[in-house]
Amino acid sequence: MFGLDLPWWELIARGAIVYCALLIMMRLSGRRTVGQFTPFDLLVVMLLSEAVSNSMTGGDESLFGGLIIAATLVALTVLFAFITSRSRKLEEIIEGSPVLIGRDGVFFDKVMKRCRLSESDVEVALREADCPRPEMKCAFLEADGQISILRKPQ
């Protein structure tokens, strides 16, 4: 229970490698993966965590092993938050930046396809903003996957 099956440094290395690999995969999968979870998305996240758990622990089922990996993941999260708060360029690489998806009531089809947005996604965002399409000034897909709608001045 308390004895480690692997050296402590290997647990830290495994946790860091898996964390960085999953961060890259999530960035490559697109903004909508992170922003709005459907039951399918939640299932994928749960299965991802199960799929990588053995690669982080290397078979170590000790209490200390789990705590070392958990501390590594928290430390990496804090480290990335610190780095992105200090560097605009790294923030854009790691977290992404907003994308203009529409202007003056018209949505850009090519941009929406590239961002994997459906017509219903933007219709929901317009309803949530209580903004009819003709009154829309700009629409953005935010880095967190949310759609922001700006209204034309009255």
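General remarks:
- The number of residues in region 138-152 that are at negative phi and in contact with a Lys or Arg (Cβ under 8 Å, 6 or more places away or on another chain) comes to 9.
- Within region 99-110, the set of residues being under 14 Å from CYS138 (Cβ atoms) and either surrounded by fewer than 15 Cβ atoms within 10 Å (Cβ to Cβ) or modelled with pLDDT under 90 (or both) comprises LEU100, ARG103, ASP104, VAL106.
- Considering residues of region 67-87 that are without any contact (Cβ under 8 Å) to a residue 40 or more places away in the chain and open to solvent by less than 40 Å² (accessible area, probe 1.4 Å) only, the residue farthest from CYS20 (Cα to Cα): SER87
- Taking residues in region 123-144 that are touching a residue at least 40 places away in the same chain (Cβ under 8 Å), and partners anywhere that are open to solvent by 60 Å² or more (accessible area, probe 1.4 Å), the pairs with Cβ atoms closer than 8 Å and at least 6 places apart or on different chains are PHE140/PRO98; PHE140/LEU150; LEU141/PRO98; GLU142/PRO98; ALA143/GLU95; ALA143/PRO98; ASP144/VAL34.
- Close pairs from region 19-39: first modelled with pLDDT of 75 or more and among the basic types (Lys, Arg), partner surrounded by 14 or more Cβ atoms within 10 Å (Cβ to Cβ) and not in a helix (DSSP H, G or I), Cβ under 8 Å, at least 6 apart: ARG27/GLY96
The values are calculated or read from the model by the stated rules, or taken from the named source; none is laboratory data. As the structure is a computational prediction, the values presented were derived from the model and not from experiment. FYI the Cβ positions are ideal-geometry reconstructions off the backbone, even for glycines, and counts take in every protein chain you see. Quick note on the areas: whole protein, heavy atoms, side chains included, nothing else; ligands and nucleic acids left out. Shrake-Rupley method; radii C 1.70, N 1.55, O 1.52, S 1.80 Å.
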